[in-house]
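The structure appears right after this line, and notes come after that.
The values are calculated or read from the model by the stated rules, or taken from the named source; none is laboratory data. Being a predicted model, the structure only gives us computed values, none of them experimental. Cβ placement follows ideal geometry from the backbone for every residue including glycine, while neighbour counts extend to all protein chains displayed.
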Amino acid sequence: MTTRTRVVRSGAGEPIVLVHGVGLDLGMWDELVQELGGDFELIRYDMLGHGGTPLPPGGVDLDRFVSQLDAVLRDQGLVRPSVVGYSMGGLVAGRFAARHPDGLGRLVLMSTVSRRTEAERRAVQARLAQAERGEGLASAQASIERWFSPAFIEAAPGRVESIRQRLLANRRDDFLAAYRIFAGADDVLPEAAPQIRCPTLVLTGAEDTGSTPRMAEELAHAIARAELRVVPRQKHMLPVEGAAVVAAALRGFLGPGAERRVA
């Protein structure tokens, strides 16, 4: 991996690596960093083609994102850290965990996808087609409405606008390369599940229409040492809108005494 990855480390304690979703960057974790920075060391990075990390020459597939995660762990000197993968980041983290069964201490799959229904596949392909047509403003607005509750949009307009601007600032070809992978990769985690050995928390919002509670429940049942948590009244952007609840769940799963759980 010759591409230079933008990495930010903060906090103190046991290390947790945070892998963001498609179209976003490491800034999506700001609220969670505020909540958890006193309990853990948090290592977040920009995935290939996102934020401050360029897309490497020659195109990408999911395996190149997995290789990037592997390189980040090695370059940062991390041995069996916990990894939290959000949305597309969950696909990356889950495939990494399956291919490196002893590589992670614990795994969190947050707001990620598994075996979309035919209707769900049509919906994500329609969103991809909209982005391919260059309808950036409409696409970003649709994402905001799908990701956040109306109450949060009203209560935190500045934060919502920062997410919208992040989506609009994406390099179009880089975003499309990643979104095409995400749109067609809902079999990744079901295929990885039998090889995931580390304790795993599967977490999603009760009102998430893209990473549904059904998907989360199926994943939790398919992974040998998994817990399931569905957060009431939350949509897709759990680490932002539901940062306090997510932080509490992560403390319980990754903090002191966690080794006695999911035996």
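Take the residues in the stretch 36-58 that are closer than 14 Å to PRO239 by Cα and at pLDDT 95 or above; name whichever of them is farthest from the chain's Cα centre (by Cα). Per the stated criteria, the residue is LEU42. Annotation: of all residues in the stretch 80-122 being touching a helix residue (DSSP H, G or I) at 6+ places or on another chain (Cβ under 8 Å) and free of Cβ contacts under 8 Å to residues at least 60 places away in the same chain, the one that is surrounded by the most Cβ atoms within 10 Å (Cβ to Cβ) is PHE96.
Restricting to the stretch 18-43, name every residue that is part of a loop (DSSP other than H, G, I, E, B), out of contact with any Asp or Glu (no Cβ under 8 Å at 6 or more places or on another chain) and either crowded, with 23+ Cβ neighbours inside 10 Å or in contact (Cβ under 8 Å) with a residue 60 or more places away in the chain (or both). Scanning the stretch 18-43 gives GLY21, VAL22, GLY23, LEU24, ASP39. Annotation: of all residues in the stretch 192-248 being in contact (Cβ under 8 Å) with a residue 12 or more places away in the chain and among the basic types (Lys, Arg), the one that is surrounded by the fewest Cβ atoms within 10 Å (Cβ to Cβ) is ARG233. Does the stretch 5-17 include one or more residues that are crowded, with 16+ Cβ neighbours inside 10 Å, within 14 Å of the chain's Cα centre (by Cα) and part of a strand (DSSP E or B)? Yes: one or more hits.
Report, by residue number, each residue of the stretch 123-175 that is surrounded by 13 or more Cβ atoms within 10 Å (Cβ to Cβ), assigned to a helix (DSSP H, G or I) and among the polar types (S, T, N, Q). Matches in the stretch 123-175: GLN125, GLN130, SER139, GLN141, SER143, SER162.
Looking across the stretch 206-248, the residues that are under 21 Å from ALA156 (Cβ atoms) and assigned to a helix (DSSP H, G or I) come down to LEU238, PRO239, VAL240, GLU241, ALA243, ALA244, VAL245, VAL246, ALA247, ALA248.
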